[in-house]
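Asks: Quick one: this structure, given as structure tokens, is what I'll be asking you about.
The values are calculated or read from the model by the stated rules, or taken from the named source; none is laboratory data. Predicted model only: the values in this text are computed from it and were never measured. Cβ atoms come from the backbone with ideal geometry, glycine included; neighbour counts cover every protein chain shown. What goes into the accessible areas is simple: the full protein's heavy atoms, side chains included, and nothing from ligands, DNA or RNA. Shrake-Rupley method; radii C 1.70, N 1.55, O 1.52, S 1.80 Å.
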Amino acid sequence: MPHRCPWYLGYVLLNPLRRLLQRPARLLAPYVRPGFRVLEPGPGMGYFTLELARLAGPAGKVHVVDIEPRMLAALGRRAKSAGCADRIDMRLAPERGLGVADLAGEIDFVLAFAVVHELDDAAAFFVEAASSMKPGARLLMAEPTGHVSGTLFARECAAAEAAGLVLMERRDIWRSHAAVFVRT
Ligand SMILES: C[S@@+](CC[C@H](N)C(=O)[O-])C[C@H]1O[C@@H](n2cnc3c(N)ncnc32)[C@H](O)[C@@H]1O
């Protein structure tokens with residue numbers, strides 16, 4: 001069973017120092033345009049979600065799926081005070097998978113930040129994520145170097161490619177292995 005981030009660490013992930021080293025706006029701006037539909041599995045308390053909602057704009061939507069209700073509750077409060085709750089569709093993860101069959105072929109961008117190593121079945125995750133994506137949509141996966149070895153990250157990348165995603169580029173993100181894939 002993979003290690004799962006305890007809910008209270010959600011607060012640690014929001015710490016202001018992280019903003020200096022993993023800047024949401026700079027990191028996400030190349031991938032999200034106004035009107036985009038975004039899927040974010042494992043958003044935690046929404047460190048990236050509010051920026052995704054800002055970039056997607058009033059015509060866009062960010063669909064988040066987390067297994068921990070307390071992460072979603074805090075995310076909901078933060079979204080409300082940022083005035084973007086209406087752009088965020090919050091979903092509690094079902095027992096298996098993400099529960100996003102209704103989004104098949106609708107998604108323009110997937111952000112999987114520090115989550116794939118926590119999932120029971122990374123291969124099934126990439127199949128589900130790929131089937132939610134439009135042709136040409138991109139997926140950014142970042143994994144923490146503290147928890148994920150280079151070998152494990154290579155296996156995760158192979159699982160993404162087995163699901164039909166094509167590796168476009170590696171990204172340089174602080175204390176992370178990171179890669180961008182495209183659905184062809
Ligand atoms: C390390 S946190 C990363 C949070 C956020 N992406 C960030 O970078 O700040 C991992 C998140 O994935 C969630 N998670 C773990 N297993 C999951 C699953 N099977 N489905 C959806 N979310 C899951 C955890 O509850 C947690 O919120």
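Asks: Just add up the charged neighbours of Phe126: K/R +1, D/E -1, any other residue whose Cβ is under 12 Å from the Cβ of Phe126. Don't skip to the end; give the middle numbers.
Replies: Values: positive: Arg155, Arg183; negative: Asp121, Glu128, Glu156, Glu161.
In short, -2.
Asks: Among Arg37, Arg19, Arg54, determine the one that fluctuates most according to a GNM of the chain built with springs between C-alpha atoms less than 10 Å apart.
Replies: So, out of Arg37, Arg19, Arg54, the one fluctuating most is Arg19.
Asks: Let me know the charge dipole size of the chain about its Cα centre in debye, to the nearest 20, where only the beta-carbon of Lys, Arg (+1) and Asp, Glu (-1) is charged. Walk me through the numbers before you get to the answer.
Replies: On the way: 23 positive and 19 negative charges, 158 e Å.
Roughly 760 debye, rounded to the nearest 20.
Asks: So for segment 141-184, what are the equivalent ellipsoid semi-axes in whole Å, largest first, each being the square root of 5 times an eigenvalue of the Cα gyration tensor?
Replies: On the way: eigenvalues 69, 29, 7 Å².
Semi-axis lengths for segment 141-184 are 19, 12, 6 Å.
Asks: Two decimals is fine: what's Rg over Rh for the chain, C-alpha atoms, Kirkwood radius as Rh? Each step should come with its number before you reach the end.
Replies: Details: Rg = 14.9 Å, Rh = 16.2 Å.
Taking Rh as the inverse mean 1/r over Cα pairs, Rg/Rh reads 0.92.
Asks: Here is a follow-up. Would you be so kind as to identify which of Gly164, Val62, Ala112 lies farthest towards the positive end of the dipole of segment 7-183, taking Lys and Arg as +1 and Asp and Glu as -1 on Cβ and the Cα centre as origin?
Replies: Farthest towards the positive pole: Val62.
Asks: How large is the helix-only mean residue ellipticity at 222 nm for the chain, computed as the sum of -39500 (n - 2.57) over DSSP H runs with n ≥ 4, divided by its residue count, in deg cm²/dmol to the nearest 500? It would help to have the intermediate numbers written out before the result.
Replies: Working: 7 runs with 62 residues, N = 184.
Per the formula, -9500 deg cm²/dmol.
Asks: Give me the accessible area per residue for the chain, probe 1.4 Å, as a whole number in Å². Spell out each step's value before the answer.
Replies: Details: 9020 Å² over 184 residues.
About 49 Å² of surface per residue is accessible.
Asks: Which of Pro144, Pro16, Pro135 moves most in a GNM of the chain, Cα contacts under 10 Å?
Replies: Looking only at Pro144, Pro16, Pro135, the largest GNM fluctuation is found for Pro16.
Asks: Based on the Cβ-Cβ distance from Thr184 to Tyr8, what FRET efficiency comes out when R0 is 41 Å, to the nearest 0.05? The partial results should precede the final answer.
Replies: Working: r = 40 Å, r/R0 = 0.98.
For R0 = 41 Å, the calculated efficiency reads 0.50.
Asks: Round to a whole number: what % of the accessible area of the chain belongs to carbon and sulfur, probe 1.4 Å?
Replies: Working: 5060 of 9020 Å².
Looking at the chain in its full context, I get 56 percent from C and S.
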